[in-house]
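Scroll down for the structure; my scribbles are underneath it.
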Amino acid sequence: MRIFQNSAYKFIENRKKAYVVSGVVIALGIAAMILNVATIGSWQNYGVDFTGGSLIQVRFDEPTTDAALRAALGGADAPPVTRFGTENEYVIRAPIDDDSSINEVAEAVETQIAAVYSAGSFEVVRTELVGAKVGSELQLKALYAILFSFVLTLLYLAFRFEMRFGLAAVIATAHDMLITLGFLAVFKVEIALPTVAAILTIVGYSLNDTIVVFDRVRENLQKKGARKRDPIDLVNGSVNETLPRTVLTSGTTLAVLMALLILGGPVLFDFTLVLILGVVIGTYSSVFVASPALIEIQKRFGTGQSSEKKTKIEPATV
Amino acid sequence: MFKTLRSRLVLIALVIMMSGWQLYSNGLKLGLDLQGGMHLALEVDDPDGTMTAAAKADMIDRVDRIIRTRIDELGVEEPLIQQVGGDRLIVELAGVSDQDQAKDIVQRNAFLEFKLVVVSSDMENALTRMDRAIVATLGVDSIRALGRDVAGPTNQTDLEGLLFGNTADSTSAESDSARAEVEDAAQAELDAADALRPFSSLLNFGDAEGTFLIAIEDVPVAEMFLEVEGVERAYPRNQVLQWGSELVAQGARTYKRLYVLEEEAFITGDLLEDATASRDPQFNQSQVQFEFSRAGGRVFSQVTGQHVNDYLAIVLDGEVMSAPVIRDRIGARGQIDMGAGTPLEEAADLALVLRAGALPAKINIIEERTVGPSLGQDSIDQGKIAGIVGLVMVVVIMLSYYKMAGLLAIAALGVYVVLVLGGLAGIGTGAVLTVPGIAGLILSVGMAVDANVLIFERIREELDEGRATRTAVDEGFQHAMSAIVDANITTLITALILMQFGTGPVKGFAVTLSIGIVASFFSALFVTRSLFLFYLNGKKASDPISI
């Protein structure tokens, strides 16, 4: 079996269309972030890991509704309640003072629930308390982690390839992250620690994809007469040559992730969803963003070779 | 070095055996999110921010040692206790069932002091000064708001008269007399303020010498008053007031004791050698028996010998546990009564923390996560099923797309799985399998598959260009190498950064991913290659292969 053998799609020629698609999606995401700032006071729906606060997860023997649970916890004054996976499990984000401990809060919640539901019919399965200081530290750490990995990757690629490859890869990765963050903002997905891990994995995956294509570009550039070839044709050819691998790898990874999404349970759900999104965007961006970015950079700043050589090898038309 | 097929296969077998042995002997450690347990982040209390970094680091070092001892005594298996950033301590206790107990044992200061109870009227004489200090600092209005604008017995009638005068005043229409009255009232206010007894009016005569009784409902206000600035300065020299831990019932009311103690403890818990819990069935009471070291015993016996018939207050973390009378010189041993009806477990916990030693400072819990074991079990079960289904899908895709070569890749993947699990088991306490860790594992499976796909696609291309089988395979591996190396290294960079910045579950993810990348590297480039050599062995250079 072979897929996309000797394919010759005009990816790079159609890059303008991709720019529009990416632009629209990114704009939507940014609009959602701005809307979030106006409505929930923060550009993302940060969970207790980042804001500090308490989280109490309760499992009931019988299915119940969040409305019923909210009524048990004080009606209008009830803390935010969200369903966790099945209808038997809910997460309560109770407010917490600086002094009181999570156990006091958990016990108070338990008492309130026990007053409505019978005492033995539920169980507190998870409690979390994060001090506000720890939360804001984590926000900073996450930012550092992402910036650091950007810088180091750029340096590595500049060293292994050429500067323009590194630059194009970082543009593609930033594009992927923007779209992912936009998606998280649109659906107000709760940002927890594993979500940061997922975002960084996307960075890794997107780079992986991009590098495979760039590796082929690099190889084709080293072939005899390559510098005389139309760069668009060369890059487009490289994308097509690696297309079977791109599709097969993405497909396999997606298959595994789908299994995780469907069977992995609620603990993994958000995390897996972000990863799936990342794989799709990462694959798209390595074809439609990273490779065109390479061409655009080359058009504006040259190949990084000496100018004398450049005038000789670079075709006038693009 | 590994030129021959035989040496390659031997190396692979060795690596598999080593990983298998690691996995067998150490087992795979599960993270708290999978097996249930408790995660605590502790910090030394520094409300004013005056401690230097070095002082904090030193403090956290001592806290670390003491908490380690305490947890060892508690009998938690393989606790993870780790200093982070020089001022923070992470304590992870897997499979702890009683969270309150565990927290108490970690957080309790356990600072034990022995002080003598002062039997003199000095403190009583100081009460007026304390009342004045409270009025001066808080102001009459806030004391009135608390409902504690009670005057002392001498001025009682005066004050009432003044208050009545004041009420009449407000209805008066005549401005002149009104002003005079206001001035009078101002003066009266000052006198009244002087006469207020906000604190001493809360006190009742104690049931023993050197104590006061305070009604339980007044305790919060009294506590607040004792915190007021200037009150402590009003204490008589070398005397302090400290709360008792026990409640006292007298008639229909319940009281708490306030003891008058010598300020300096004559001996503290750091001279303790041993502490054990026991139970006195006759009085339904738990006790902690303690024993001082030789030096401690000398001090203890000397002081108690000098103070026969005085009261000895046993103070734990600033609360008087009990204050028995000294009947005779006490040697190196003594006991703390825990009060009627206290369960033995509580005494056992106290004995434990006393043995392990007192924490040098107050410890704040700044982060706390607990996961019930049932939730963890669900996660494991679901993770397992999802992992198996995912792997089966990979197998199906690889087999149907690459046939024989796919089979080789799957065999290499099998080696990869053993390597990763063995690596996780062998790396030590830092590596535990967490929920995100499972995801990291599955992701690195994806990368291992990707490496194989890169190689096989390349071999196909080489075959398309009409190269002989053996050459095509060699070229395929060679040309796929650079992409695999670069892709793996960039992902490794991300994983290593996560390991530095992440905590808990994220770190678990990063560790699993890093091990996974290294293993996938070895599996794709070495194992698949060797299996290919094995497959090609005996074939002619031009024989077709199934790919």
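Looking for something part of a helix (DSSP H, G or I), touching a residue at least 60 places away in the same chain (Cβ under 8 Å) and acidic (D, E) - is there at least one such residue anywhere in segment A:37-57?
Checked against the condition, which is being part of a helix (DSSP H, G or I), touching a residue at least 60 places away in the same chain (Cβ under 8 Å) and acidic (D, E), segment A:37-57 yields at least one hit.
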A:T180 is checked against (1) of a type in the set (S, T, Y); (2) within 14 Å of chain B (Cβ to nearest Cβ); (3) within 30 Å of A:W43 (Cα to Cα) and fails just one. What number does that condition carry? (2)
How many residues of segment B:350-374 are surrounded by fewer than 21 Cβ atoms within 10 Å (Cβ to Cβ) and not small (G, A, S)? The answer is 7
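Being touching a helix residue (DSSP H, G or I) at 6+ places or on another chain (Cβ under 7 Å), of a type in the set (K, R) and at pLDDT 85 or above is true for just one of B:R62, B:R8. Which residue is that? It would help to see each step written out before you state the result.
On the way: B:R62 fails: touching a helix residue (DSSP H, G or I) at 6+ places or on another chain (Cβ under 7 Å).
None of the other options fit; the residue is B:R8.
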Considering only segment B:442-465, I want to know if a residue exists there that is farther than 17 Å from B:G387 by Cα, more than 14 Å from chain A (Cβ to nearest Cβ) and part of a helix (DSSP H, G or I). no
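Report yes if B:A468 is surrounded by fewer than 20 Cβ atoms within 10 Å (Cβ to Cβ) and either closer than 30 Å to A:A145 by Cβ or more than 9 Å from chain A (Cβ to nearest Cβ) (or both), otherwise no.
On the way: surrounded by fewer than 20 Cβ atoms within 10 Å (Cβ to Cβ): yes; either closer than 30 Å to A:A145 by Cβ or more than 9 Å from chain A (Cβ to nearest Cβ) (or both): yes.
Yes, satisfied.
Being under 18 Å from B:V432 (Cβ atoms) and either surrounded by fewer than 16 Cβ atoms within 10 Å (Cβ to Cβ) or of a type outside the set (S, T, Y) (or both) narrows it down to one residue among B:G36, B:G75; which is it?
Being under 18 Å from B:V432 (Cβ atoms) and either surrounded by fewer than 16 Cβ atoms within 10 Å (Cβ to Cβ) or of a type outside the set (S, T, Y) (or both) holds for just one of B:G36, B:G75, which is B:G36.
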Anything in segment A:252-270 that is of a type outside the set (S, T, N, Q), more than 21 Å from B:S374 (Cα to Cα) and facing chain B (nearest Cβ under 7 Å)? List them, or say none. A:A255, A:V256, A:A259
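Only one of these is facing chain A (nearest Cβ under 8 Å) and either touching a residue at least 24 places away in the same chain (Cβ under 8 Å) or closer than 30 Å to B:L14 by Cβ (or both): B:G372, B:G426, B:G357. Name it. Break it down stepwise before answering.
Working: B:G426 fails: facing chain A (nearest Cβ under 8 Å); B:G357 fails: facing chain A (nearest Cβ under 8 Å).
Step by step, each of B:G372, B:G426, B:G357 is checked, and only B:G372 is facing chain A (nearest Cβ under 8 Å) and either touching a residue at least 24 places away in the same chain (Cβ under 8 Å) or closer than 30 Å to B:L14 by Cβ (or both).
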Is it the case, given these coordinates, that B:A487 is crowded, with 18+ Cβ neighbours inside 10 Å, within 19 Å of A:V213 (Cβ to Cβ), within 12 Å of chain A (Cβ to nearest Cβ) and in contact with a helix residue (DSSP H, G or I) (Cβ under 8 Å, 6 or more places away or on another chain)? yes
Restricting the search to segment B:1-56, which residues are touching a Phe, Trp or Tyr at 6+ places or on another chain (Cβ under 9 Å) and within 12 Å of chain A (Cβ to nearest Cβ)? none
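Quickly run through segment B:39-57 and pick out the residues that are surrounded by 15 or more Cβ atoms within 10 Å (Cβ to Cβ) and without any contact (Cβ under 8 Å) to a residue 12 or more places away in the chain. Before the answer, list the steps.
We begin by selecting, within segment B:39-57, every residue surrounded by 15 or more Cβ atoms within 10 Å (Cβ to Cβ); these are B:39-44, B:46, B:51, B:56-57.
B:D46, B:M51, listed by residue number.
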Scanning segment A:218-245 residue by residue, those within 11 Å of chain B (Cβ to nearest Cβ), β-branched (V, I, T) and surrounded by fewer than 24 Cβ atoms within 10 Å (Cβ to Cβ) turn out to be none
Give the residue, chosen from A:G120, A:G131, that is surrounded by fewer than 20 Cβ atoms within 10 Å (Cβ to Cβ) and facing another protein chain (nearest Cβ under 8 Å). A:G131
Among the strands (runs of 3 or more DSSP E) lying completely within segment B:208-268, list those that include at least 1 residues that are modelled with pLDDT of 90 or more and among the basic types (K, R). B:253-262
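The values are calculated or read from the model by the stated rules, or taken from the named source; none is laboratory data. The structure presented is a predicted model; accordingly, all values stated were derived computationally and were not measured. We place every Cβ from the backbone using ideal geometry, glycine too, and count neighbours over all the protein chains shown.
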